[in-house]
Amino acid sequence: MRNAALADSGPLLALFDRSDAHHRRVAAFLRDHPDLRLLSTLAVVTETAALLAARVGRAAQLDFLEWVERGGLALVDLGPASLRRVIEIVRKYQDLPFDFADATLAEAGARLGVDAILSIDRDFDIYRTKAKLPLENLLGHAAPRAKRRTHK
């Protein structure tokens with residue numbers, strides 16, 4: 001699908017949270033690419049809405065959901081066959097930071113022929129398409145992951 005990109009929750013959070021470190025970068029990218037069609041899944045919308053409510057408040061959550069409703073983001077349906085593939089992807093990457101929402105995006109991209117993504121983390125640096133290629137991150141290099149503390 002030409003002129004389309006998958007949208008991960010990180011850039012969506014940044015777009016609706018002005019205090020997010022990536023807000024300006026994401027907003028500028030979208031302003032500079034007004035014809036880019038953003039695609040995502042209900043899993044990503046759910047994750048984004050919940051995080052916005054927790055981080056910023058219900059007003060930001062509602063702004064985001066209304067933006068989706070107005071067409072800011074096209075939702076890709078996942079059916080029974082899609083869920084089988086999502087389960088396979090989650091299983092394959094279960095030891096890595098690649099969660100259910102990420103797997104729904106990977107499945108949708110493969111099914112629709114979309115090989116570009118907007119992401120601000122490294123989850124999609126891990127994932128490989130059937131052609132053994134990474135998705136093209138239109139936001140450039142992903143942000144480094146925060147170091148995790150280990151408990152002794």
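Among the residues of the stretch 24-37, those that are farther than 12 Å from LEU139 by Cβ and either outside any helix (DSSP H, G or I) or touching a residue at least 24 places away in the same chain (Cβ under 8 Å) (or both) comprise PRO34, ASP35, ARG37.
Condition check ((1) closer than 27 Å to PHE16 by Cβ; (2) at pLDDT below 90) across all residues:
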{"position": "ASP77", "(1), (2)": "yes, no"}
{"position": "ALA81", "(1), (2)": "no, yes"}
{"position": "ALA103", "(1), (2)": "yes, no"}
{"position": "ALA108", "(1), (2)": "yes, no"}
{"position": "GLY113", "(1), (2)": "no, no"}
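Every residue in the stretch 51-106 that is surrounded by 14 or more Cβ atoms within 10 Å (Cβ to Cβ), small (Gly, Ala, Ser) and closer than 18 Å to SER40 by Cα, please. GLY72, SER82, ALA101, ALA103, ALA106 - these are the residues of the stretch 51-106 that are surrounded by 14 or more Cβ atoms within 10 Å (Cβ to Cβ), small (Gly, Ala, Ser) and closer than 18 Å to SER40 by Cα. Out of all the residues in the stretch 84-97, is one or more closer than 18 Å to LEU13 by Cβ and at pLDDT 95 or above? No, the stretch 84-97 contains no residue that is closer than 18 Å to LEU13 by Cβ and at pLDDT 95 or above. In the stretch 122-134, the residues that are farther than 14 Å from ALA103 by Cβ reach residues that are surrounded by 12 or more Cβ atoms within 10 Å (Cβ to Cβ) and among the β-branched types (Val, Ile, Thr) with C-beta atoms within less than 9 angstrom, at least six apart or across chains, in these pairs: PRO134/ILE126. Counting only residues that are out of contact with any Phe, Trp or Tyr (no Cβ under 9 Å at 6 or more places or on another chain), in a helix (DSSP H, G or I) and closer than 18 Å to LEU105 by Cβ, the stretch 53-79 holds 1 of them.
I'm trying to understand the selection: among the residues of the stretch 79-101, which are free of Cβ contacts under 8 Å to residues at least 40 places away in the same chain and within 15 Å of the chain's Cα centre (by Cα)? Selection gives VAL86, PHE98, ASP99. With respect to LEU30, determine if the residue is surrounded by fewer than 19 Cβ atoms within 10 Å (Cβ to Cβ) and either modelled with pLDDT of 95 or more or of a type in the set (Gly, Ala, Ser) (or both). Spelling it out, LEU30 is indeed surrounded by fewer than 19 Cβ atoms within 10 Å (Cβ to Cβ) and either modelled with pLDDT of 95 or more or of a type in the set (Gly, Ala, Ser) (or both). Set side by side, the residues ALA21, ALA5, ALA50, ALA14 differ, and just one is outside any helix (DSSP H, G or I), closer than 24 Å to ALA103 by Cα and among the small types (Gly, Ala, Ser), which is ALA5.
The values are calculated or read from the model by the stated rules, or taken from the named source; none is laboratory data. Being a predicted model, the structure only gives us computed values, none of them experimental. Glycine gets a Cβ as well: all are built from the backbone with ideal geometry, and neighbour counts include every protein chain shown.
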